[in-house]
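Notes for the one structure printed next.
The values are calculated or read from the model by the stated rules, or taken from the named source; none is laboratory data. Quantities reported herein were computed from a predicted structural model and do not represent experimental measurements. In this analysis, Cβ positions are derived from the backbone assuming ideal geometry, glycine residues included, and neighbour counts consider all displayed protein chains.
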There are 2 protein chains.
Amino acid sequence: MSLKHAILVLLETEPGSGYDLMQQFKQSLGYFWNAKHQQIYLQLKKLNSEKLISFSLEKQTGKPDKKVYGITDLGVKELQQWIASPVKPAKVNDALLVKIYGGHLTSAKNLLDELEQHRLIHDSTLQKLLKIEQLYRQFPDDKQKKYQLPYLTLRRGILGEKAWLAWAEEAKKTIKI
Amino acid sequence: MSLKHAILVLLETEPGSGYDLMQQFKQSLGYFWNAKHQQIYLQLKKLNSEKLISFSLEKQTGKPDKKVYGITDLGVKELQQWIASPVKPAKVNDALLVKIYGGHLTSAKNLLDELEQHRLIHDSTLQKLLKIEQLYRQFPDDKQKKYQLPYLTLRRGILGEKAWLAWAEEAKKTIKI
DNA sequence: GATATCATGTAAAAGGTTACATGATTGG
DNA sequence: CCAATCATGTAACCTTTTACATGATATC
């Protein structure tokens, strides 16, 4: 269970609402941690009851009130403990590969079509990440240093997506023949 | 829910017991689909009650009896339908990256130590996959063609692990400085 | 004598997904 | 006028993890 810690990490950087977190899960953090809004709101409630985060209401006109959450001292301690203790390697569950493994049960066209669908998604993810990287590279040196660790996670995304796309090229050729 | 289909795919290739499947999840299939033994036994029971698989008891001396499962015609139909319909891209949940993102809360040494632990695991996975690839390359052409789709999943593992290791080198340099 | 492998399961708890629910504003 | 975005949540269901449970044989 690291959704808890993913949220704490984000709130440690900057306070925000459930909606703000949702956006971050869709963007920067999104390619290495996924969560739906229902999960986030539930977890925020829980973290608040554990006193690891707290919130203040921000009144808005026209829109519903915003609950802006921030990490507490207790939350920072919890985060530090978690970061100092080892985590397990991420487990992979990739249905597309299960499909390809059993691909003899369908047509080559069907496999190629699905591969192409996934390729489009991975390619657009890569383009998005490369744009963020461009922004980072224009930062002055001190700001680059400040964000060097989040930048590493971005690099992981870029290298991972490039490897995926290189594999897809191989796969295309194999299936075509 | 594709554990169901991962099991069906394996049994479509070759009948086997829960234990056999467990071994396969630890080996060939293991780097793109993970499952614990409890999950597998539960799912086998469910698939059997849905008539997608069936089993025969193999008596053994000294060891407990083996339930050898095989896919049924209904199971093959179900598999074919699943394989013909699109799947969602795999979602990534990687706690190590969450840690690195918030790495300023711990020491560089701690980060490097954990990175090294993970590097060892990824490296040994890669070595294992490369050995399997060597075996495949020694197959005669017709056998290579027969196993070309499972081989593609192996390639995905190899390219993925290489990309991970390349990233780890970058990360090491960044954190060291 | 201890640990690993073979071989199977049950039960409780935690975590994640899907469906349902509301309601205003902004842009095409 | 329709879809998207902002903003929050509950409930039911499904999946996964952790803990518990047993017992023989083989290897160090």
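Could you check the range B:65-85 and list, in sequence order, the residues that are away from DNA strand D (no atom under 16 Å from the Cβ) and in contact with a His (Cβ under 9 Å, 6 or more places away or on another chain)?
Listed by number, the list holds a single entry, B:ILE83.
Quick check, is B:TYR101 out of contact with any strand residue (DSSP E or B) (no Cβ under 7 Å at 6 or more places or on another chain), among the aromatic types (Phe, Trp, Tyr) and at negative phi? Step through it out loud before you land on a result.
Details: out of contact with any strand residue (DSSP E or B) (no Cβ under 7 Å at 6 or more places or on another chain): yes; among the aromatic types (Phe, Trp, Tyr): yes; at negative phi: yes.
For B:TYR101, the condition - out of contact with any strand residue (DSSP E or B) (no Cβ under 7 Å at 6 or more places or on another chain), among the aromatic types (Phe, Trp, Tyr) and at negative phi - is met.
Give the range B:21-51 a look and list any residue that's away from every other protein chain (no Cβ under 14 Å), crowded, with 20+ Cβ neighbours inside 10 Å and away from DNA strand C (no atom under 12 Å from the Cβ), or say none.
none
Residue by residue through the range A:121-142, note down the ones that are among the acidic types (Asp, Glu) and either under 14 Å from A:GLN27 (Cβ atoms) or not assigned by TED's automatic domain parsing to the domain that holds A:THR153 (or both).
Within the range A:121-142, just A:GLU133 meets the criteria.
Do we have any residue at all in the range A:25-38 that's under 24 Å from B:LEU96 (Cβ atoms) and of a type in the set (A, V, I, L, M)?
The answer is yes; a qualifying residue exists.
Looking at the range A:137-163, which of its residues are part of a helix (DSSP H, G or I), more than 11 Å from chain B (Cβ to nearest Cβ) and under 26 Å from A:ASP123 (Cβ atoms)?
A:ARG137
Check off (1) more than 9 Å from DNA strand D (Cβ to nearest atom); (2) at negative phi for A:ILE40 and give me the number that stays unchecked.
Going through the list (1) more than 9 Å from DNA strand D (Cβ to nearest atom); (2) at negative phi, A:ILE40 breaks only (1).
Please go through (1) away from chain A (no Cβ under 14 Å); (2) among the β-branched types (Val, Ile, Thr); (3) more than 10 Å from DNA strand C (Cβ to nearest atom) for B:VAL68 and return the number of the only condition it doesn't satisfy.
Single failed check for B:VAL68: (3).
Checking B:GLU50 against (1) in contact with a helix residue (DSSP H, G or I) (Cβ under 7 Å, 6 or more places away or on another chain); (2) not assigned by TED's automatic domain parsing to the domain that holds B:GLU116, which test does it fail?
(1)
Among all residue pairs at least 6 apart or on different chains, which show Cβ distances below 6 Å where the first residue, located in the range B:89-112, is more than 7 Å from chain A (Cβ to nearest Cβ) and the second is away from DNA strand C (no atom under 14 Å from the Cβ)?
These pairs meet every condition: B:ALA108/B:ILE175; B:LEU111/B:GLY103; B:LEU111/B:ILE175; B:LEU112/B:ILE175.
Restricting the range A:1-12 to residues that are more than 13 Å from DNA strand D (Cβ to nearest atom) and free of Cβ contacts under 8 Å to residues at least 40 places away in the same chain, which is surrounded by the fewest Cβ atoms within 10 Å (Cβ to Cβ)?
A:LEU10
A quick yes/no check of all residues on (1) touching a helix residue (DSSP H, G or I) at 6+ places or on another chain (Cβ under 8 Å); (2) farther than 22 Å from B:LYS172 by Cβ; (3) surrounded by fewer than 14 Cβ atoms within 10 Å (Cβ to Cβ):
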{"site": "A:ASP73", "(1), (2), (3)": "no, yes, yes"}
{"site": "A:LEU97", "(1), (2), (3)": "yes, yes, no"}
{"site": "A:LEU111", "(1), (2), (3)": "yes, yes, no"}
{"site": "A:ASP123", "(1), (2), (3)": "yes, yes, no"}
{"site": "A:LYS128", "(1), (2), (3)": "no, yes, no"}
{"site": "A:LYS131", "(1), (2), (3)": "no, yes, yes"}
{"site": "A:GLN138", "(1), (2), (3)": "no, yes, yes"}
{"site": "A:LYS145", "(1), (2), (3)": "no, no, yes"}
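In this structure, does A:ILE71 turn out to be farther than 24 Å from A:LEU21 by Cβ, touching a Ser or Thr at 6+ places or on another chain (Cβ under 9 Å) and modelled with pLDDT of 95 or more?
Values: farther than 24 Å from A:LEU21 by Cβ: no; touching a Ser or Thr at 6+ places or on another chain (Cβ under 9 Å): yes; modelled with pLDDT of 95 or more: yes.
Against the criterion (farther than 24 Å from A:LEU21 by Cβ, touching a Ser or Thr at 6+ places or on another chain (Cβ under 9 Å) and modelled with pLDDT of 95 or more), A:ILE71 does not qualify.
Just to be sure before I move on: is A:ALA84 surrounded by fewer than 17 Cβ atoms within 10 Å (Cβ to Cβ), among the hydrophobic types (A, V, I, L, M, F, W, C) and either more than 20 Å from the chain's Cα centre (by Cα) or closer than 25 Å to B:GLU114 by Cα (or both) in the structure I sent?
Against the criterion (surrounded by fewer than 17 Cβ atoms within 10 Å (Cβ to Cβ), among the hydrophobic types (A, V, I, L, M, F, W, C) and either more than 20 Å from the chain's Cα centre (by Cα) or closer than 25 Å to B:GLU114 by Cα (or both)), A:ALA84 qualifies.
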